[in-house]
Amino acid sequence: MNHPTSLRITVPVVCAALVACGGAEPPVQPPPPVTSASVAPPPPPPPPPATASASAAPAEVAPPAPVKPAPALSLHDAGFQTPESVFYDAKSDVYLVSNINGGPSAADGNGFISRVSADGSKIDLKWIESGKKGVKLDAPKGMAVVGTTLYVADLTRVRTFDLGTGMSRAEIPLKGATFANDVTAGPDGKVYVSDSGIKIDDKGVTPTKSDAVYVIEKGKAKPLASGEDLGHPNGLLWANDKLWVVTFGTGEIYSLGKDGKKADAQKLPKGSLDGVVALGDGSLLVSSWEGQAVYRGKLGGTFDVAIPGLKAPADIGYDTKRARVLVPLFQDSAVEAYDLK
């Protein structure tokens with residue numbers, strides 16, 4: 001993710017002076033020839049004052065800019081390190097925050113997951129920590145839960161943990177993946193994982209052309225869809241009996257069928273989309289880095305700004321108990337929560 005210049009114009013005015021002489025009246029001399037340099041043309045008459053016209057269309061008035069609401073929860077000095085995703089564990093009524101703690105593409109073995117009470121008063125900052133108790137996490141991002149198992153996307157694989165204790169369970173390789181990003185679960189227990197097909201380092205964002213969405217079933221992963229036409233898939237959501245994808249590259253949302261075919265594609269007002277969650281009224285929330293906002297809308301309809309003024313909003317979550325959207329601020333190492341009306 002013109003400055004106007006004011007010009008001050010001076011118009012020269014040319015005047016003729018008449019001099020009276022004493023004595024005999026001099027002979028009349030012919031007037032000198034008139035040239036464009038000797039006499040300035042008279043200024044044009046001012047335009048007549050504007051009058052109201054009954055047939056004139058009224059001037060369009062721009063809608064007021066949305067106002068950023070005050071957050072219901074603001075955690076800016078909690079110790080988060082590049083938080084990428086916030087997941088609401090409804091059973092325990094806590095928020096889980098994945099922390100990259102380094103470069104988004106770095107296999108540096110220092111990622112961690114925080115556990116936060118819903119009012120923000122209690123924070124187990126490194127509830128799951130790489131290098132402790134047999135845990136390995138490089139750059140953890142999106143999360144999902146099936147039963148008592150927590151699934152976490154981590155570059156080239158998905159790592160699983162016990163949802164109650166945080167103990168490591170297993171890891172599931174994603175063959176060919178370079179940037180595993182988000183995770184969601186279907187009602188049948190299948191787990192879906194996006195690979196955004198990018199690399200992020202000090203040179204910026206570089207496509208790796210590994211764009212894909214995987215499906216995990218019985219502990220094994222296989223591609224559901226792959227190819228650059230997926231537009232760097234990022235956030236995933238199972239809703240309305242379909243798998244929905246929002247993209248970081250093309251700024252669109254679309255569904256993927258069981259055969260991996262794209263359908264229902266539509267653009268959002270701004271791109272660099274990251275997280276997506278569903279609300280009880282059938283609408284969706286989608287975070288956009290380019291728009292610096294969370295958008296709200298229904299599939300096939302328009303999406304409007306719900307929360308403006310958010311710098312680098314990453315993989316959002318949703319607190320179903322409090323009707324609250326959970327926003328990880330990737331570049332500020334902070335988490336904010338907003339009540340929805």
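The values are calculated or read from the model by the stated rules, or taken from the named source; none is laboratory data. Keep in mind the model is a prediction, meaning the values are calculated, not measured. Every residue, glycine among them, receives a Cβ derived from its backbone with ideal geometry; neighbour counts consider all protein chains shown.
For the stretch 194-220, which residues satisfy the criterion of being more than 19 Å from the chain's Cα centre (by Cα) and β-branched (Val, Ile, Thr)?
Thr208, Val213, Val215, Ile216
What pairs can you find where one residue is in the stretch 173-194 and of a type in the set (Asp, Glu), the other is crowded, with 24+ Cβ neighbours inside 10 Å, and their Cβ atoms are less than 7 Å apart, with a gap of 6+ or different chains?
Short answer, once both residue conditions are applied: Asp182/Lys141; Asp182/Gly142; Asp182/Ala153; Asp182/Ser194; Asp182/Asn234; Asp182/Gly235; Asp182/Leu236; Asp182/Asp315.
Applying the selection to the stretch 129-158, what residues are closer than 14 Å to Glu84 by Cβ and of a type outside the set (Gly, Ala, Ser)?
Result: Leu137, Asp138, Pro140, Lys141, Met143, Val152, Asp154, Leu155.
Can Tyr95 be described as surrounded by 21 or more Cβ atoms within 10 Å (Cβ to Cβ), over 29 Å from Gly204 (Cα atoms) and modelled with pLDDT of 95 or more?
So Tyr95 passes the test.
Take the stretch 251-277 and flag every residue that is within 20 Å of Leu329 (Cα to Cα), among the small types (Gly, Ala, Ser) and not in a strand (DSSP E or B).
Scanning the stretch 251-277 gives Gly251, Gly271, Ser272.
Only one residue in Ala265, Ala225, Ala239, Ala221 is at pLDDT below 95 and either in contact with a strand residue (DSSP E or B) (Cβ under 8 Å, 6 or more places away or on another chain) or within 23 Å of Ala144 (Cα to Cα) (or both), so which one is that?
After ruling out the rest, the residue left standing is Ala239.
With the stretch 52-150 as the region, which strands (runs of 3 or more DSSP E) entirely inside it contain at least 1 residues that are more than 24 Å from Gly219 (Cα to Cα) and not acidic (Asp, Glu)?
Counting at least 1 such residues, we get 73-75, 83-89, 94-99, 112-117, 123-129.
So which residues in the stretch 156-214 are assigned to a loop (DSSP other than H, G, I, E, B) and at positive phi, if there are any at all? Even if it seems obvious, please write down each step before you answer.
Step one: list which residues in the stretch 156-214 are assigned to a loop (DSSP other than H, G, I, E, B), which gives 156, 163-167, 174-179, 186-190, 196-197, 202-203, 208-211.
If the condition is that a residue be assigned to a loop (DSSP other than H, G, I, E, B) and at positive phi, then Gly166, Gly176, Gly189, Gly197, Lys209 are the ones that fit.
Does Val245 satisfy the criteria of being part of a strand (DSSP E or B), under 11 Å from the mean Cα position of the chain (by Cα) and under 19 Å from Val191 (Cα atoms)?
no
Give the residue that is surrounded by the most Cβ atoms within 10 Å (Cβ to Cβ), with candidates limited to residues of the stretch 302-323 that are among the hydrophobic types (A, V, I, L, M, F, W, C) and closer than 16 Å to Trp289 by Cβ.
Among them, the one singled out is Ala314.
Check the stretch 225-232 and report whether any residue there is more than 21 Å from Ala180 (Cβ to Cβ) and either more than 16 Å from the chain's Cα centre (by Cα) or basic (Lys, Arg) (or both).
Checked against the condition, which is being more than 21 Å from Ala180 (Cβ to Cβ) and either more than 16 Å from the chain's Cα centre (by Cα) or basic (Lys, Arg) (or both), the stretch 225-232 yields no hits at all.
Output the residues belonging to the stretch 241-282 that are buried (at least 16 other Cβ atoms within 10 Å of the Cβ) and of a type in the set (Gly, Ala, Ser).
Gly249, Gly251, Ser255, Gly260, Gly271, Ser272, Gly275, Ala278
So Asp229 clears everything in (1) within 20 Å of Phe330 (Cα to Cα); (2) surrounded by fewer than 16 Cβ atoms within 10 Å (Cβ to Cβ) except one condition, right? Which one?
Here Asp229 meets the rest and fails (1).
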